[in-house]
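Right, one structure below, let's go through it.
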Amino acid sequence: VLITMSSDKEEVQVTLEDQKKINLFAKKNGNLNEIETELEEIKKALQNIEDAGDDLLLLEDEDSEAIPYQLGEVFIQHNLEETQGLLEKEKDKYEQRMKQLKEEAGEIESMMKELKVQLYAKFGDNINLEA
């Protein structure tokens, strides 16, 4: 976040309360960026799960008895139904996390919007809170 006080404009005194609001805005902006990064990672993981599920549908009967499934750092062999169940559980876990992150992002964006209004009301063009 770029926060600037322009010296060629009218001087506005920055109080401790103002500085706390500016710092909170910067912190929340960082949190929002972290959430967006995690959401992108989750989208990729969900796509990988979807691709794995599609690949399972293409298996021949003789290949569907010993499907390797990665659990931590090891691969464990499962049959087709077990593997599909594991993929579904993994997908549900990621979807729940995505929902939680989107809610958090909405709360953060709302707070940032409120802080922007307050800070721009006091500082006007003397501050830049655009990411």
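The values are calculated or read from the model by the stated rules, or taken from the named source; none is laboratory data. Here the structure is a predicted model, which is why all the values come from computation and not from measurement. We place every Cβ from the backbone using ideal geometry, glycine too, and count neighbours over all the protein chains shown.
Per-residue answers, yes or no, for (1) modelled with pLDDT of 95 or more; (2) over 30 Å from Asn23 (Cα atoms); (3) in contact with a Leu (Cβ under 6 Å, 6 or more places away or on another chain); (4) not β-branched (Val, Ile, Thr):
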{"site": "Leu57", "(1), (2), (3), (4)": "no, yes, no, yes"}
{"site": "Glu62", "(1), (2), (3), (4)": "no, yes, no, yes"}
{"site": "Gly72", "(1), (2), (3), (4)": "no, yes, no, yes"}
{"site": "Leu80", "(1), (2), (3), (4)": "no, yes, no, yes"}
{"site": "Asp92", "(1), (2), (3), (4)": "yes, yes, no, yes"}
{"site": "Met98", "(1), (2), (3), (4)": "yes, no, no, yes"}
{"site": "Leu101", "(1), (2), (3), (4)": "yes, no, yes, yes"}
{"site": "Gly106", "(1), (2), (3), (4)": "yes, no, no, yes"}
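Scan (1) in contact (Cβ under 8 Å) with a residue 60 or more places away in the chain; (2) in contact with a strand residue (DSSP E or B) (Cβ under 9 Å, 6 or more places away or on another chain) for the single condition Leu59 breaks and write down its number.
If we test Leu59 against (1) in contact (Cβ under 8 Å) with a residue 60 or more places away in the chain; (2) in contact with a strand residue (DSSP E or B) (Cβ under 9 Å, 6 or more places away or on another chain), just (1) comes out false.
Of the residues Glu107, Glu65, which single one is outside any helix (DSSP H, G or I) and acidic (Asp, Glu)? Before you say what the answer is, go through the steps one by one.
Details: Glu107 fails: outside any helix (DSSP H, G or I).
Checking each option against the conditions leaves just Glu65.
Identify the single condition in (1) closer than 19 Å to Gln118 by Cα; (2) of a type in the set (A, V, I, L, M, F, W, C); (3) modelled with pLDDT under 95 that Phe25 does not satisfy, given that it satisfies every other one.
Failed condition: (3).
For every residue, the table says whether it meets (1) more than 20 Å from Phe25 (Cβ to Cβ); (2) touching a helix residue (DSSP H, G or I) at 6+ places or on another chain (Cβ under 9 Å); (3) surrounded by fewer than 11 Cβ atoms within 10 Å (Cβ to Cβ); (4) polar (S, T, N, Q).
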| position | (1), (2), (3), (4) |
| --- | --- |
| Glu88 | yes, yes, no, no |
| Tyr94 | yes, yes, no, no |
| Lys99 | yes, no, yes, no |
| Ala105 | no, yes, no, no |
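Can you pull out every residue in region 75-131 that is free of Cβ contacts under 8 Å to residues at least 24 places away in the same chain, more than 16 Å from Gly53 (Cα to Cα) and charged (D, E, K, R)?
Those that are free of Cβ contacts under 8 Å to residues at least 24 places away in the same chain, more than 16 Å from Gly53 (Cα to Cα) and charged (D, E, K, R): Lys99, Glu103, Glu107, Lys113, Glu114.
Taking the condition among the aliphatic types (A, V, I, L, M), in contact with a Gly (Cβ under 9 Å, 6 or more places away or on another chain) and surrounded by 10 or more Cβ atoms within 10 Å (Cβ to Cβ), does Leu129 pass?
The answer is no for Leu129.
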